[in-house]
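> I'd like to ask you about the structure that follows.
Just so it is clear, none of the values below were taken in a lab; they were calculated from the coordinates. Please read all numbers here as calculations on a predicted model, not as lab measurements. Cβ placement follows ideal geometry from the backbone for every residue including glycine, while neighbour counts extend to all protein chains displayed.
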Amino acid sequence: MAFDILDAMTLIAREKNIDFDAVVETLEASLLAAAKKKYEYTDNISFTYEKKTNELFMIATKKVVETVADPTVEIKVEDAREIDSSAEIGDEIDIYLDYEHEFGRNAIASAKQILIQKIRDVEHERIYGEFISKVGTLVSGIVQQIDKGNVIVNLGRGEGILPVREQIPREKFRQGDRVRAYILDVQQSPRGPVILLSRVNDEFLRALFALEVPEIYERVIEIKAIAREPGERAKVAVYSSDERIDPVGACVGIKGVRVQSIVRELNNERIDIVPWASNPELFVTRALAPAKVTNIDMFILEQKMTVAVEDEKLSLAIGRNGQNARLASKLTGWKVNIMSETEYNESRRREAEMLVPVGQLEGVGEKIRNRLVEADISSVQRLAEASAETLTKIEGLGQKTAETLIERAKEYVRKLEAEYDAAQKAEQEAGTAGDSADAPLGVDDVFTNDDDAVTEEDEVPEAVEEDSVAEDGEDEEESGEQVAEETEEDKESA
């Protein structure tokens with residue numbers, strides 16, 4: 001066996017951490033491939049490795065015959081007896097060949113290349129097998145290079161790629177930085193296995209909590225749901241079957257040390273930890289905290305809720321660009337429509353005034369009406385808001401019937417709303433006209449021309465105060481008494 005090939009085999013086995021026997025098998029296959037380039041028939045050619053002498057032999061098995069017709073598979077009996085004195089016609093004899101002499105240096109070089117390629121394939125298979133079992137786990141590596149925004153991470157035995165789409169927005173990496181990531185997938189490629197990493201997947205956040213919170217790792221606390229907008233905000237619902245443990249407090253840690261460690265890892269992403277509840281109404285209420293929920297209407301078939309919050313807390317409940325509402329909806333699995341308490345009350349009042357039983361809609365018979373009512377669709381308005389997918393879940397309602405009923409309900413509701421709005425407008429205009437007669441003086445009622453003003457020449461009686469009238473009356477009585485006294489005095493003097 002050529003020493004350069006043996007040295008190459010030993011070096012490859014050591015560097016690639018591959019079993020030496022696997023390297024030998026690969027070499028045997030490589031030499032057989034080289035043999036096929038020289039010989040048309042290679043079924044009688046094999047290779048064997050002797051561990052004691054550390055040599056690899058090429059063996060050609062030939063049949064002993066009296067007259068040779070095909071020298072590649074046959075050997076004369078005289079030649080065979082030179083190798084084995086007991087050889088007889090019809091026997092098969094193994095002939096050891098010098099493969100380097102048989103193939104030549106070019107063939108040997110070709111075999112080396114085939115060996116290297118096959119070793120590389122074996123290494124790829126080993127890496128693939130190792131990391132495919134780690135899919136769904138957290139790994140740590142060193143940033144090796146950055147190519148067009150994609151981060152190549154050295155994971156020790158393999159290389160992972162962190163694509164731009166799987167990076168947290170506004171996150172920057174430098175060569176040599178240590179980075180944690182979640183193994184999303186492992187894919188085979190001609191250049192070897194591709195280990196796809198992610199830092200935006202919800203499971204990455206779950207893995208970080210399991211790393212920082214021992215109670216989650218030990219499954220004393222369970223993360224029931226995660227809703228996340230990477231780099232901005234996340235909501236995590238936690239639950240513990242042990243009543244003695246506060247799941248939220250355990251995840252936050254003393255002075256917030258546990259959750260702050262995760263926040264720093266996620267590039268200062270805000271994390272809201274809420275206690276999970278099996279009751280959907282309670283769960284949604286907790287998910288929208290700190291906004292206080294005053295009313296909730298549930299539509300079970302559509303998995304939808306209409307939530308009313310205090311007027312001054314509406315913007316808090318919705319969040320910036322609707323972020324809080326979106327995360328709450330994703331966390332709970334319910335479509336959440338948020339409105340202020342004033343809007344909710346007005347909506348309920350309007351709905352109550354316009355409410356029409358579903359049985360009054362054209363095409364809704366008694367049978368369909370009963371089934372709709374059982375499904376909590378008792379009014380035409382509720383039917384108009386329902387989806388065809390929801391109605392088809394009701395026994396006896398097909399896709400076409402459902403679409404027809406919904407279209408009729410929508411048309412009916414549009415007509416009712418138009419009539420209602422017209423009536424409200426007419427009532428408002430009538431109220432405005434009635435109020436104008438008793439309205440106080442306005443700017444237009446002030447005199448703008450002196451000729452319109454009252455002057456001294458106009459005969460206008462002066463206003464007399466009641467007290468003045470009373471005083472004048474008292475004076476008249478006193479003067480009357482004086483006149484009477486004077487008359488009596490005049491009579492006596494006469």
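> Can you give me the distance in nm between label points at I89 and Q323, each placed 7 Å from the Cα along the Cα-to-Cβ direction?
Distance between label points: 9.5 nm.
> Okay, moving on. What is the extension gain from E346 to N279, computed as 0.36 nm multiplied by their sequence separation minus the C-alpha to C-alpha distance, in nm to one decimal? Each step should come with its number before you reach the end.
Details: separation 67, 0.36 × 67 = 24.12 nm, distance 2.72 nm.
Using 0.36 nm per residue and subtracting the Cα-Cα distance, I get 21.4 nm.
> What FRET efficiency comes out for the pair V257/E389, r = Cβ-Cβ distance, R0 = 56 Å, nearest 0.05?
0.75
> Then there is this: Just how far, in whole angstrom, is the range 208-231 from the range 339-377 if you go by their alpha carbon centroids?
Comparing the Cα centres of the range 339-377 and the range 208-231, I get a distance of 42 Å.
> For the range 156-270, what is the charge dipole size about the Cα centre, in debye to the nearest 20, if Lys and Arg each add +1 at the Cβ and Asp and Glu each add -1 at the Cβ?
Dipole magnitude for the range 156-270 comes out near 460 debye.
> Just how large is the dipole of the range 91-225 about the Cα centre, in debye to the nearest 20, putting +1 at every Lys and Arg Cβ and -1 at every Asp and Glu Cβ?
1080
> Between V135 and E82, 0.36 nm times their residue separation minus their Cα-Cα distance comes to what?
Values: separation 53, 0.36 × 53 = 19.08 nm, distance 6.13 nm.
Result: 13.0 nm gained on full extension.
> Turning to a different aspect of this structure: Given R₀ = 51 Å, what would the calculated FRET efficiency be for E427 paired with R270, taking r from the Cβ atoms and rounding to 0.05? Walk me through the numbers before you get to the answer.
On the way: r = 48 Å, r/R0 = 0.95.
Efficiency at R0 = 51 Å is approximately 0.60.
> Which length gain, in nm to one decimal place, applies between N54 and I146 when the Cα-Cα distance is subtracted from 0.36 nm times their residue separation?
28.6 nm
> A further question on this structure: Each label point is 7 Å from the Cα along the Cα-to-Cβ direction; what then is the distance between the points at D121 and T67, in nm?
Here the modelled spin labels are 4.4 nm apart.
> Taking 23 Å as the cut-off for C-alpha to C-alpha distance, list the pairs among K36/K63; K292/K410; K112/K134 that go past it.
K292/K410; K112/K134
> Through the Karplus equation 6.51 cos²θ - 1.76 cosθ + 1.60, θ set to phi - 60°, convert the phi angles of the range 53-63 into ³J(HN,Hα) values in whole Hz; use x for Gly and Pro.
After applying 6.51 cos²θ - 1.76 cosθ + 1.60, I find 8, 6, 10, 10, 10, 9, 10, 10, 8, 10, 8 Hz.
> Between E362 and T404, what is the label-to-label distance in nm when each label sits 7 Å out along the Cα-to-Cβ direction?
Each label point is offset 7 Å from its Cα along the Cβ direction, giving 1.2 nm.
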